[in-house]
Structures are given as C-alpha cells and as structure tokens.
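Worksheet: one structure, shown below.
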Amino acid sequence: MNKKIQLQDLGNKDYKATWEYQEELFKGIVDLKIRNRREELELETPNYFLFVEHPHVYTLGKSGDLSNLLLSESQLEAKGATFYKINRGGDITYHGPGQVVGYPILDLENFFTDIHKYLRFLEESIILTLQEYGLECGRSEGETGVWLGVGTPFARKICALGVRASRWVTMHGFALNVNADLGYFDNIIPCGIRGKAVTSLNVELGVSKIDEEEVKSKILKHFSSLFEAALV
C-alpha cells in the first residue's frame, strides 16, 4: 500500500482546466488498477493532493437542481463568473478568490475502503484546522461540509464538500472560505439548502485577511495525520 501523497499547488487556475487535470490523474490511477487486476500485477498506485484557487465559478453536482442558480447567462457574464455542470455529488456551490480548494485524488485501497469514513476525515481535517483559530465548528446532521452554530438559528457553512469515487479512487474535494467574497453566494441557494447562511474565516475572526498559506499548512498537517500519509 502506497501511503505517499504527491502535493501540488496549482495556484490560481481556471476551473475547467483543473477539472480536466483531475480527470487525467484520476484516469491514470484507475487504468493502473485495471491493468494490475488484468495482468495480476502489484504495481503501486499513486495518490495526489491538489491545492488550487479558482476564478469566480459556479458548479452544479450531478444530482443538483439548476433552479438553485439565481443568475441568467448574461448576469453570470456581467459578474465575470462561469458555470459548469460536473460529475461530483452535491448540489450547487461557488468557487472563487479567497477560497482554499483541495482536491485529494487518492486510491483509497492504499488507506481504507470506506467512502463515508473518507468524507468524515475530510471534514475532520477542516474542523481541526478551524479549531486552531479558536472556532467551534462541526457537522450538521444530514448535510455534508463544515458548519458553525449548528443547531442554532445562526447556523452557517464555512466549508463545502463534494466528491466523486469510482473503483475506490476519489476526485473533487472541499472548498474552505478563508477570505471569500460572500456576496457571490447570494446568487445561488448554496448546496440547495434554503435559509442557511455561509461564512468565511476572516469574517468569523473579524479581520480583513487571513494568511492562506498558513491555513493550507494546517490542513495538510491534520489531513496527513488522519490518513497516516506522507506528503511529498
């Protein structure tokens, strides 16, 4: 089992180009697993963790409802945003500057074969990171992602999750609002959940800007500990 994860920070990168790159890495792992099975080989499968920041974009999961996007094509254009229907779980979400987006592309057979445990570990790596900033956060029953004020009228989502898995290989991942422009969330019903607010780390801490590189390093620390992995 290969518990090494290749870390790549793609910087600011177009959503579609990043999606295509994810698909390429994902396909490479799946194809290798098929070859291993067919030829009775034991070739090591690689794992990747991509960090990226996207220009303004709205994405709709395969089971999502298009009516949760509250903008027309011309309004999207005016806001300098793009829209894609994609192959992850979940409904609609927004990505843009000020978000830390992470895409782990893992062969879970290198770690554990349990997709629910995988999702909980992703959430836990964010929860532990936010606790380092003094924030009490957690899960909201029946809803993925990481929330503050769970069980109160002030419940608000700080991190969205949406993944795809096939043959125990994962893609897509999480989007944590660190210095996000929350105005862009007004144009959607986030994750298809009405009446729930969204928030950002800088808003919760009452500061204008948080060091995103510091946030990334904290996420990686907790992620590698939970998955008992070595980042290379």
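The values are calculated or read from the model by the stated rules, or taken from the named source; none is laboratory data. What you see is a predicted model, and the numbers here were worked out from it, not measured in a lab. Note: ideal-geometry Cβ built from the backbone for every residue, glycine included; neighbour counts use all protein chains shown. For the accessible areas, the whole protein counts, side chains as well, though only heavy atoms, and no ligand, DNA or RNA atoms are used. Shrake-Rupley method; radii C 1.70, N 1.55, O 1.52, S 1.80 Å.
What residue, among those in the range 76-122 that are closer than 18 Å to W19 by Cα and aromatic (F, W, Y), is modelled with the highest pLDDT? Taking the candidates together, the pick is Y103.
Looking at L135, is it touching a His at 6+ places or on another chain (Cβ under 7 Å), modelled with pLDDT of 95 or more and open to solvent by 10 Å² or more (accessible area, probe 1.4 Å)? In short, no.
Elements of the type strands (runs of 3 or more DSSP E) sitting completely within the range 142-232 and holding at least 2 residues that are open to solvent by 40 Å² or more (accessible area, probe 1.4 Å): these cover 143-148, 156-166.
Residues are listed down the side, and each one gets a yes or a no for (1) under 15 Å from the mean Cα position of the chain (by Cα); (2) among the hydrophobic types (A, V, I, L, M, F, W, C); (3) in a strand (DSSP E or B):
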position: D9; (1), (2), (3): yes, no, yes
position: A17; (1), (2), (3): no, yes, no
position: Q22; (1), (2), (3): yes, no, no
position: F26; (1), (2), (3): no, yes, no
position: L32; (1), (2), (3): no, yes, no
position: T45; (1), (2), (3): no, no, no
position: G64; (1), (2), (3): no, no, no
position: L76; (1), (2), (3): no, yes, no
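Please indicate, with yes or no, whether at least one residue in the range 58-75 is among the aromatic types (F, W, Y) and open to solvent by 20 Å² or more (accessible area, probe 1.4 Å). Within the range 58-75, not a single residue is among the aromatic types (F, W, Y) and open to solvent by 20 Å² or more (accessible area, probe 1.4 Å).
Residues of the range 1-33 that are over 21 Å from E228 (Cα atoms), open to solvent by 40 Å² or more (accessible area, probe 1.4 Å) and in contact (Cβ under 8 Å) with a residue 40 or more places away in the chain: L10, N12, K13, D14, K16, W19, E23.
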